[in-house]
Structure formats: structure tokens, C-alpha cells
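Asks: This is the structure, below, for whatever I ask next.
The values are calculated or read from the model by the stated rules, or taken from the named source; none is laboratory data. Since the model is a prediction, treat every value here as computed from it, not as a measurement. Neighbour counts are summed over all protein chains in view; Cβ atoms, including those assigned to glycine, are modelled from backbone coordinates with ideal geometry. Keep in mind that these areas ignore ligands, DNA and RNA; they rest on the heavy atoms of the full protein, side chains included. Shrake-Rupley method; radii C 1.70, N 1.55, O 1.52, S 1.80 Å.
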Amino acid sequence: MGLSTSLNTAIGGLTASQVGIGVVSQNVANAGTTGYVRRVVSSSDSLSGLTIGVQSTQVQRLLDAIVQSQLWQESAGAAYTATRANALSNLDKLYGAPGSATALDTIFNNFTSALQSLQNDPSSYSLRSQVVDSAALLARQLNTLSNGIQAQRDQAETGIATAVAKVNDLLGALTKVNARIVAAPNDSATASLKDQRDLILSELSQYVDIKTTEDARGSISVVTGSGTQLFDGQPAVTFSFDAHSGLGPDDQWSTDPAQRGVGTITMRSANGSVSDAITNNVFRSGEIAANIELRDKTLVKAQAQLDEIAAQMAKALSERSIQGAAYPAGSTTPTGLELDIDKQRVNTLIFDYSSPPATGTQRFTFVDAPAGVTVPIGSDPNNKVIAIDFSAGPAAIASQIQNALAANGATGFTVSNPGTGLLRITEPGGRVAGLGAQTTVTSADADTPEMPLFVDAGNQAFAGSYDEASRKVGFAARIAVNADIVANRALLSGAPGTAAGDTARASALFDSLTRDVRSFDNSSSPDGGTAPFSGTVGSFVQRVVSAQGQVVEAAKRLDEGQQVALASIQSRFQETAQVNIDQEMSMLIELQNAYAANARIISTVKEMMDMLMRV
């Protein structure tokens, strides 16, 4: 090998060593820099005649692409679980620890204890005041919890709006960096640009679960876990969010824009087509998915449970079942039945009458529903279900029932309102077989054990009518103690004129909450939407508070597990990508030795050439 060949070989080695030393220096300098991936110089052999040398090619980043993809998936999962756990933890603080002084179950138990004490001395003003005060505290606690839930929904709405704007910004930043990488794939700065791109993708993965692929040009393609294309050299979609503020219980998500009371995420593709991202379930993990679930499911159910507690409390204290009395009274051959519905609102009225033997007893079930509402017919051909506006007063009720009977072929009956609060149905042949109703006592001074202690807005009794479901939404935010009872606490012992010491009303109120078994709405059941809950109002309150604590603990455990999984995959990723100072120092020594060896060759060649020149 000639001197010139040796010199060229040494210069190539020297250059490669210099580049390597520069990369090592860069690695060491950025050992603590977030997103920095360790680099090495890839080199290849060069052949010049019969001489083999070395030449630098390009700076390469050391990372495991598969592990990096898993890291982004776990990052989305960690953002999802952390968002839910934080929101539910805040909600748990509102509920209070079960059994604590500020917990809903404790406040409810204090109220029932006050009712129990009132049974012992119904004439005691202090005991009456204790009942009113504890009832007011319970109502305010329900108001506070309901407002807190809606505040959490507001935060979720704001979180979605912020995250959607951030996703659009990140896709825009990704476009610029990706274009520079594609334009100069072998540039010395490409490694730094890819670090920048990975940082953008890492942040994006916190908002939405993503999967990426890189083509031969170095361009990246990004899709969501649901398969929606987000980026392919440029943003494939642009997101928008029509945020709503001041959310209330009635404001819920719907595919129908006319019924939707919260914001929805719209996707506009590059070709101009528009679709709803929430309807298409685009977001399945990440912060956006968590906030959508909180706003539209988790917190909505929490509100439904509070509304169910409020509704069941109000109804338990004011609902009663009554049966018709024979008319004329005392007659051995009555021609009809009559109900006294004074100071009560009828929720359901059932009228049975005798028909010819071929058809047997027939039934009409009249339900309280606004005019124009279509009610389910039911499967019993002998039971006709008809909507009646029971809020119109006894005279109007009688007229509506009379018309309904005639329209459905039940002739010969006379429906009347002969006196205050009386509803009478007669038929000369004695065909009136039964008349009963489920009612809500609407006045605190009614001569009944039941009373409307808890009321809706406007001091109106909460009636369990056919349209209860729509009116029940948000009732926990509106529930209050009847103003008439606050003004006249003697009503807790009975209607005006009730004998002193009469325990009937106090006992009835206490028993209705602590002993009477009621059926609760499946959708608000703490045991799941398909598991109906049956029990006392008190047991339902305890179960809701306990279930809420269990949900929070489950969310915390899930988040802790997800954070461990994220830390584990981060550790695996860093094993390759993170800079190790000891490793870099060892590499630096090797490169310095190689540099010194090549420098020595160059020096020796120079000495030999100088010697030849002197000959």
C-alpha cells in the first residue's frame, strides 16, 4: 500500500472519529434533555483499489420503534385514567366519606333521627324545629352536590374544548416538522427534527390514542385507535368544538342537534366532508375520551342518583293510595264509588267495571300526562291506558274521564264532581266494580298522615305523574323544604285541629323513609343500569354514597396500575434511547484512541514523505 493510500485511509478514519466524538459530545450535553434520543454515527467500509478504508454515512437515533408505539398507547391510557381519577376524587370530596359528619348518608340519618324523636313528643316546638332544620340541611346538601356535579361537567366541557384546540395546534406543528424531515432526509439536523416530531406525537398521545407509521421518505402517518386518519404528511382532519357554558342537569349530549345541550366535536376532512367525532366514537382513550365519558355518562349517572334520592324522598312523604267509598254511603245496593281527592293530585286512577259475562271485568287506567302525550297501550286487552290532565282540578278531571269512557264504548256511567275534592262514578245497574288512585298530597294542611315536606321550585309538590322522568332531571338542585311548614311547624304534627300529642303524621313520615320498601329507577341504580334496586329510601342513600366511594377507589386503582404500566414502558424505551454517561465516556475513549492512531499514521506518513523529499 502506497503512502498516499495510507494517508487517505488515515484521513477517512480521522474524519469518522471526529464526527463520532462530536456525536458523543452532543449526547453528553443533552443527557437530561426531554425527548432527546441517543445518537450514533453509522459508518461503512470504503474500497479504493485494493485498499479498504472507512467512511461516515449519517447520524442515527437509537430507539425501539415498537416500544415507542407502545409508549404512546400507554401514554393515552394514563391520561385517560388520570383525568377520570382526578374528577371522581373531586366528586368524592363533595359526597364526603361514608359516615363522616358532612356525608350525605349522615345528614339523611340525622333527618330521620329528628323525625323519630318527634314521634315521642309531637307537640314539642324544639323537636319540630329540629326536623325542619335537618330537612333543610339535607335539601341544601342535595343542592350542593347537584351543583358540584354540574361544575365538574362544566370542567369536562372546558377540558374538551382546550384539548381539541391543542390537537389542532399539534397537527399544525407536526406538518411543519415533518415537511423539513422529508425535504432533507440525510441532513445532519434530521435527528434533531425527528426528536421534535416525537415530542409532538408524545404530547398528542395524551389527548387521543394514536398509531404511527413511517414511510421510506421519513414522512409519518398518524391514525387513532378507532382507525380515523389524523395525519398523512398534512392534517387529514380539522376538529372543532361548539363549547357550551353553565351546564345544567337538562343539558345532555344527543345525536339530534335540537336536543343536544352540550358541545360536540366535529371533524372536517381535507375534501370538505363533515362528521361527528363523538357519534363515530373516534376518541377511545386519552384525555378527550375521559372528559367525554365524564360529561355524558359518569357525572350524568351521579346526577340521576341524586335526583332519584330527592324524588323518592319527596314522594315517600307525600304519596298515598286511596280506595273509593261506596255511594250512597251505607247503602246495601250502591250505584257507584267516590274518591276524596281534596288537596291531592292524582297520579294514576284505576276504574274497573263489570261487563257482560263474555268479556268479564274491564279496566281503565288513567295516568297523569300533559295533553297530547301518547301513552303505551300495554299488553292487557282488558285494560285501556288513557292520558288525563289531573292538574286541571276535580271538575275538569270528571269531564275528561266521562268523555274518555264514552269514546271507548263504556256507556251508561256518570262521572261527576259533586263537592270539593270529590270524584264520583255511578251507574244505575251497579256495574261500578272498583275505583282507586295513587295520589300526591299537595297541601301541608291536608287531613292526611302524608304531607309534602319536600317540594319542587315554586313550592310545588313533586308528583309521581307519567311525565315524572322529565321533571325528575335536576330535581336534586331544586328540592327545598315546604315554605308553609317552615312558617307553621305545627303542621308536622298534623292538620290544623289535630289533637295535641297525635303521633300519626310523625310516625308516618318516619316509617315512609326508614321502613317502607320502594322500587327505584334502574338507570340510577348504584348496582348498574340493568340491576333494579328495591329497598327503603335510607338504604338507597347509603348504597349510593357507598357505591360512589367504590367507583372512586376503582378509578384510583386503575390509574395507579396504568401509571405503573406507563413507567415500565418508559423504562424499556429509555434503555435504548436514553443517554448513559458511562457508555458515552467509554465510546469517547475508543474514538480518542482511534483518532490518535489515525493521527499517528498521518504523522508517520508525513515523516516518510519528508525523508523521501530529502533524498
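Asks: If you take the charge dipole of the chain about its Cα centre, with +1 on Lys and Arg Cβ and -1 on Asp and Glu Cβ, which of Asn271, Ile181, Thr440 is farthest toward its positive end?
Replies: Most positive-ward Cα: Ile181.
Asks: Points 7 angstrom from Cα along the Cβ direction at Thr503 and Ala325: gap in nanometres?
Replies: Going from the Thr503 label point to the Ala325 one covers 2.7 nm.
Asks: May I pose another question? For a Förster distance of 56 Å, can you work out the FRET efficiency between the beta-carbons of Ser113 and Asn281, rounded to the nearest 0.05?
Replies: Values: r = 48 Å, r/R0 = 0.86.
E(calc), rounded to 0.05, equals 0.70.
Asks: Further question: Give the residue from Gln578, Gly494, Thr81 lying farthest towards the positive end of the charge dipole for the chain; charges sit on Cβ (+1 for Lys and Arg, -1 for Asp and Glu) and the dipole is referred to the Cα centre.
Replies: Gln578
Asks: Something else now. Using only helices, what value at 222 nm comes out for the chain when you add -39,500 (n - 2.57) per DSSP H run of length 4 or more and divide by the total residues, to the nearest 500 deg cm²/dmol?
Replies: When only DSSP H runs of four or more count, the value is -16500 deg cm²/dmol.
Asks: Heads up, I need the accessible area for Ile107: 1.4 angstrom probe, whole protein in place, Å², nearest 10.
Replies: 10 Å²
Asks: Relative to the Cα centre, what is the charge dipole magnitude of segment 497-576, using +1 at the beta carbon of each Lys and Arg, -1 at the beta carbon of each Asp and Glu, and rounding to the nearest 20 debye?
Replies: Charge dipole of segment 497-576: 40 debye, to the nearest 20.
Asks: What number in nm² do you get for segment 184-314 if you take the convex hull of its Cα atoms and divide its surface by four?
Replies: Details: hull surface 41.8 nm².
The orientation-averaged projected area of the Cα hull of segment 184-314 comes to 10.4 nm².
Asks: Output the relative contact order of segment 113-226, whole-number percent, from Cα pairs under 8 angstrom with separation of 6+ residues.
Replies: 17 percent
Asks: Starting from the amide H of Ala277, placed 1.01 Å from N in the peptide plane, find each other amide H under 5 Å away whose residue is 5 or more places distant or on another chain.
Replies: Counting only residues 5 or more places away or on other chains, the set is Ile265, Thr266, Met267.
Asks: Give the distance, in whole Å, between the Cα centre of segment 433-460 and the Cα centre of segment 246-304.
Replies: A separation of 39 Å, based on Cα centres.
Asks: If you put +1 on each Lys and Arg Cβ and -1 on each Asp and Glu Cβ, how big is the dipole of segment 365-505 around its Cα centre, in Debye rounded to 20?
Replies: Once rounded to the nearest 20, the dipole reads 100 debye.
Asks: Taking Cα pairs under 8 Å and at least six residues apart, what relative contact order does the chain come out at, in percent?
Replies: The value is 20 percent.
Asks: May I have the extent of the alpha carbons of segment 391-524 along their three principal axes, as whole Å values ordered from largest to smallest?
Replies: Projected onto its principal axes, the Cα set of segment 391-524 covers 47, 42, 29 Å.
Asks: So which lysines pass the test for Lys176, namely a Cα distance under 22 Å, with those fewer than 8 places away in the same chain ruled out?
Replies: Result set, ordered by chain and number: Lys166, Lys194, Lys211.
Asks: With charges set only on the Cβ (+1 for Lys and Arg, -1 for Asp and Glu), what does the dipole of the chain come to about its Cα centre, in debye to the nearest 20?
Replies: Numbers: 43 positive and 58 negative charges, 155 e Å.
Roughly 740 debye, rounded to the nearest 20.
Asks: While we're looking at this one, here's another question. For mean projected area of the Cα convex hull in nm², the listed values are (i) 41.4; (ii) 25.9; (iii) 28.2; which was obtained by calculation from the structure presented?
Replies: (i)
Asks: Taking R0 as 25 Å, what FRET efficiency do you get between Asp215 and Thr255 from their Cβ-Cβ distance, rounded to the nearest 0.05?
Replies: The pair Asp215/Thr255 has a calculated efficiency of 0.10.
Asks: Would you list the P(r) distribution for segment 296-434, with all Cα-Cα distances sorted into 5 Å bins from 0 and each bin expressed as a whole %?
Replies: The percentages, shortest bin first, are 2, 9, 16, 20, 18, 14, 8, 6, 4, 2, 1, 0, 0.
Asks: Here is a further query. Through the Karplus equation 6.51 cos²θ - 1.76 cosθ + 1.60, θ set to phi - 60°, convert the phi angles of segment 420-428 into ³J(HN,Hα) values in whole Hz; use x for Gly and Pro.
Replies: The phi angles translate into 3, x, 8, 10, 10, 10, 10, 7, x Hz.
Asks: A further question follows. Counting DSSP beta bridges with both partners in the chain, what percentage is antiparallel, nearest 5?
Replies: Roughly 90 percent of the beta bridges in the chain run antiparallel, per DSSP.
Asks: Sticking with this structure for a sec: Under a crude label model (7 Å from the Cα following the beta-carbon direction), how far is Asn580 from Asn383 in nanometres?
Replies: Reported label-point gap for Asn580 and Asn383 is 7.6 nm.
Asks: Would you calculate the volume per residue, in Å³, of the smallest convex hull containing every Cα atom of segment 99-223?
Replies: Spread over its residues, the Cα hull of segment 99-223 gives 128 Å³ apiece.
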